[in-house]
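A.B. asks: Handing you this structure, nothing more for now.
The values are calculated or read from the model by the stated rules, or taken from the named source; none is laboratory data. Keep in mind that this is a model prediction, so the values were computed, not measured. We place every Cβ from the backbone using ideal geometry, glycine too, and count neighbours over all the protein chains shown.
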Amino acid sequence: MSWDSLVPRPSLVVPATGVLELDQGTTVGGEPTTADWFRQHVGAAIGLPLPDAARPTIEFRTDRTESVPGGYRAEIRPDGVEVVAHDAAGAHHAAQTLRQLLDPAAYRSAPIHYGRCLLPCGRIEDRPRFGWRGCHLDVARHFLPKREVLRFIELLAMHKLNILHLHLTDDQGWRVEVPRFPELTRVGSWRRRSMVGRGEPPEFDDRPHGGYYTVEDLREIVGHAARHHVTVVPEVDVPGHSQAAIAAYPELGTGTRPQVWDSWGVSAEILNTDPSTLEFYRAVLDHLMDVFPSQVICVGGDEVPGATPAHGRFLRSLIEHIQARGRRASGWDEILDSVDPLPPETIVAVWRDERIAIRAAGHDVVLCPERRLYFDHRQADHPDEPIPVGYLTTLEDVYAYEPSTEHVLGLQAQVWTEQLDTPRRVDYAAFPRLTAFAETAWTSDRDLPDFRRRLVEHHLPRLDALGVEYRPLGGPHPWQTRPGVAGRPR
Ligand code: ACM
């Protein structure tokens with residue numbers, strides 16, 4: 001493989017002549033989690049043991065005086081690779097780069113041929129543009145089995161993305177086990193049926209849908225993410241988007257038990273603001289903070305029909321509760337209106353309109369604009385596009401997205417799953433747009449024709465080797481269409 005195959009595009013590459021051949025004698029060492037990761041993932045694919053050694057062939061070192069957080073430099077010579085990274089995350093990024101420099105077969109889980117395994121000689125210096133390179137994943141509307149979340153984390157890391165914002169609760173499902181409140185998952189984790197598409201009148205299947213993650217599952221997800229230098233930011237959405245919780249414990253709402261919602265949209269069932277409801281959610285957040293080491297915990301706060309000032313105070317109490325435990329709260333941008341005053345440490349996820357970022361002055365902001373970075377929205381006006389909803393958001397639109405300010409923590413893509421009822425549909429919606437997004441979040445030095453060339457010649461073959469069912473650039477495969485299921489394009 002060649003230096004001009006890398007995605008996201010690195011800051012600086014100086015190719016040199018010659019190659020390094022990896023073989024039975026090749027050793028890997030240095031920063032232990034990175035060396036282990038390289039041995040486990042790349043070693044398995046190329047069929048080499050890559051043991052540690054006192055003076056390893058491929059050495060990952062860290063040095064705080066180098067680069068910036070997440071940054072690294074590497075030099076490949078015929079006799080070895082020297083990586084010097086700012087931190088372990090930077091070392092991991094370097095390891096991901098080395099994997100890309102191998103053949104796409106390096107993305108399989110077992111060797112498929114035994115040709116020579118070569119790295120091109122040269123030097124690279126690379127650093128991220130933003131510290132928050134996020135992807136949100138809605139596992140509430142449609143549950144994604146744990147194994148798929150683990151796989152999704154690997155796909156994020158492959159693209160040098162470092163935040164997985166996990167949307168764990170909504171009107172249509174509660175996905176996180178809370179041992180103190182077993183009804184949340186016994187009742188709240190499944191619904192009797194689901195709306196199919198977005199037609200008028202609405203259509204439903206008659207098929208129960210559900211699932212949840214046990215505490216052990218979530219600890220595994222967090223640990224797997226940490227190995228990949230991905231932070232899992234959990235979201236429990238309040239005080240709206242809470243019908244599944246109210247179905248489990250009606251006293252959190254009006255006292256009348258609704259069903260876990262089977263429709264898409266914004267439910268009118270919202271939490272009440274009684275002291276007991278606040279106590280309930282403080283306990284839920286304590287549990288969340290026990291399971292998720294993330295510095296940031298998301299309280300949602302979006303789309304609350306009929307909200308009162310008491311709901312703003314309710315949200316503020318929960319934000320203060322998170323802060324009192326040494327963490328930071330984040331919320332969707334509606335909290336700028338509802339929580340008055342909004343504690344300054346709160347991170348604002350700006351989704352409705354990027355101009356709202358101006359109103360968020362004084363707060364850290366993550367840009368998640370609906371018109372550009374919502375990947376449930378249709379990616380083409382192709383007549384065969386499955387269940388087209390939302391704004392037209394092409395691969396090129398995502399790649400061209402340029403935030404109106406650099407004074408933000410970073411960017412985040414959103415994968416809402418009302419219309420994505422299987423992992424295959426998630427793959428289709430997310431890729432290759434997430435590849436374009438990753439480059440936008442990593443570097444301001446972008447070039448669309450060059451990106452397309454790297455994507456087509458090098459990166460789609462990597463996704464193929466991993467078995468990712470992305471949307472082909474020319475339109476969906478016949479089995480990726482959903483004839484007869486109405487969308488709702490805007
Ligand atoms: C949102 O799309 N409701 C954040």
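A.B. asks: Of these, 393, 422, 417, which one is at pLDDT 95 or above, away from the ligand (no atom under 16 Å from the Cβ) and under 27 Å from residue 198 (Cα atoms)?
C.D. replies: On the way: 393 fails: away from the ligand (no atom under 16 Å from the Cβ); 417 fails: away from the ligand (no atom under 16 Å from the Cβ).
Going through 393, 422, 417 in turn, just one is at pLDDT 95 or above, away from the ligand (no atom under 16 Å from the Cβ) and under 27 Å from residue 198 (Cα atoms): 422.
A.B. asks: Something else now. Please name all residue pairs, on different chains or six or more residues apart, with Cβ atoms under 9 Å, provided the first residue is in region 302-315 and is more than 21 Å from residue 350 (Cα to Cα) and the second residue is polar (S, T, N, Q) and away from the ligand (no atom under 16 Å from the Cβ).
C.D. replies: 308/273; 310/272; 310/273
A.B. asks: Would you pick out the residues in region 291-315 that are within 13 Å of the ligand (Cβ to nearest atom) and assigned to a loop (DSSP other than H, G, I, E, B)? Don't jump to the end; show me each part of the working.
C.D. replies: Initially, region 291-315 is screened for residues within 13 Å of the ligand (Cβ to nearest atom), giving 298-305.
The answer is 301, 302, 303, 304, 305.
A.B. asks: If residue 147 passes every condition in (1) within 30 Å of residue 454 (Cβ to Cβ); (2) part of a loop (DSSP other than H, G, I, E, B) but one, which one does it miss?
C.D. replies: Result: residue 147 passes all but (2).
A.B. asks: Let me ask something else about it. Need pairs with beta-carbon distance below 7 Å; first residue more than 22 Å from residue 156 (Cβ to Cβ) and within region 402-413, second acidic (Asp, Glu) and in a loop (DSSP other than H, G, I, E, B); sequence gap 6+ or separate chains.
C.D. replies: Partner pairs satisfying both residue conditions: 404/354.
A.B. asks: Only one residue in 365, 408 is within 20 Å of the chain's Cα centre (by Cα) and within 16 Å of the ligand (Cβ to nearest atom). Which one?
C.D. replies: On the way: 408 fails: within 16 Å of the ligand (Cβ to nearest atom).
When all the criteria are applied, what remains is 365.
A.B. asks: Residue 268 - would you say it is closer than 30 Å to residue 94 by Cβ and not in a strand (DSSP E or B)?
C.D. replies: Working: closer than 30 Å to residue 94 by Cβ: no; not in a strand (DSSP E or B): yes.
Spelling it out, it is not the case that residue 268 is closer than 30 Å to residue 94 by Cβ and not in a strand (DSSP E or B).
A.B. asks: Residue by residue through region 339-362, note down the ones that are away from the ligand (no atom under 11 Å from the Cβ), of a type in the set (Val, Ile, Thr), buried (at least 19 other Cβ atoms within 10 Å of the Cβ) and over 23 Å from residue 308 (Cβ atoms).
C.D. replies: 347
A.B. asks: Please enumerate the residues belonging to region 82-133 that are within 20 Å of residue 19 (Cβ to Cβ), in a strand (DSSP E or B) and small (Gly, Ala, Ser).
C.D. replies: Within region 82-133, 122 is the sole residue that qualifies.
A.B. asks: Hey, any hits in region 162-170 for a residue that's within 30 Å of residue 43 (Cα to Cα) and out of contact with any strand residue (DSSP E or B) (no Cβ under 7 Å at 6 or more places or on another chain)?
C.D. replies: Checked against the condition, which is being within 30 Å of residue 43 (Cα to Cα) and out of contact with any strand residue (DSSP E or B) (no Cβ under 7 Å at 6 or more places or on another chain), region 162-170 yields no hits at all.
A.B. asks: Then there's this: So which residues in region 301-324 are of a type in the set (Gly, Ala, Ser) and either within 17 Å of residue 275 (Cα to Cα) or crowded, with 22+ Cβ neighbours inside 10 Å (or both)? It would help to see each step written out before you state the result.
C.D. replies: Quick first cut of region 301-324, residues of a type in the set (Gly, Ala, Ser) only: 301, 306-307, 310, 312, 317, 324.
The answer is 301, 307, 310, 312, 317.
A.B. asks: Continuing with this model, one more query. For region 339-363: of the residues being basic (Lys, Arg) and not in a helix (DSSP H, G or I), which is nearest to residue 303 (Cα to Cα)?
C.D. replies: Filtering first and then ranking leaves 352.
A.B. asks: Please state which one of 398, 366 is in contact with a Ser or Thr (Cβ under 9 Å, 6 or more places away or on another chain), buried (at least 22 other Cβ atoms within 10 Å of the Cβ), touching a residue at least 40 places away in the same chain (Cβ under 8 Å) and assigned to a helix (DSSP H, G or I).
C.D. replies: On the way: 366 fails: assigned to a helix (DSSP H, G or I).
Going through 398, 366 in turn, just one is in contact with a Ser or Thr (Cβ under 9 Å, 6 or more places away or on another chain), buried (at least 22 other Cβ atoms within 10 Å of the Cβ), touching a residue at least 40 places away in the same chain (Cβ under 8 Å) and assigned to a helix (DSSP H, G or I): 398.
A.B. asks: Another one. Being within 24 Å of residue 375 (Cα to Cα), surrounded by fewer than 24 Cβ atoms within 10 Å (Cβ to Cβ) and without any contact (Cβ under 8 Å) to a residue 60 or more places away in the chain narrows it down to one of 147, 175, so name that one.
C.D. replies: Details: 175 fails: surrounded by fewer than 24 Cβ atoms within 10 Å (Cβ to Cβ).
Only one candidate passes the filter, namely 147.
A.B. asks: From the list 318, 285, 336, 278, which one is hydrophobic (A, V, I, L, M, F, W, C), in a helix (DSSP H, G or I) and within 16 Å of the ligand (Cβ to nearest atom)? Don't jump to the end; show me each part of the working.
C.D. replies: On the way: 318 fails: within 16 Å of the ligand (Cβ to nearest atom); 285 fails: within 16 Å of the ligand (Cβ to nearest atom); 278 fails: within 16 Å of the ligand (Cβ to nearest atom).
From the options 318, 285, 336, 278, the qualifying one is 336.
A.B. asks: Additional query: Mind checking which residues of region 369-385 are closer than 26 Å to residue 453 by Cα and either surrounded by 20 or more Cβ atoms within 10 Å (Cβ to Cβ) or within 15 Å of the ligand (Cβ to nearest atom) (or both)? I'd like the intermediate steps shown before the answer.
C.D. replies: Taking region 369-385 and keeping what is closer than 26 Å to residue 453 by Cα, we get 371-385.
Hits for region 369-385 are 371, 372, 373, 374, 375, 376, 377, 378, 379, 385.
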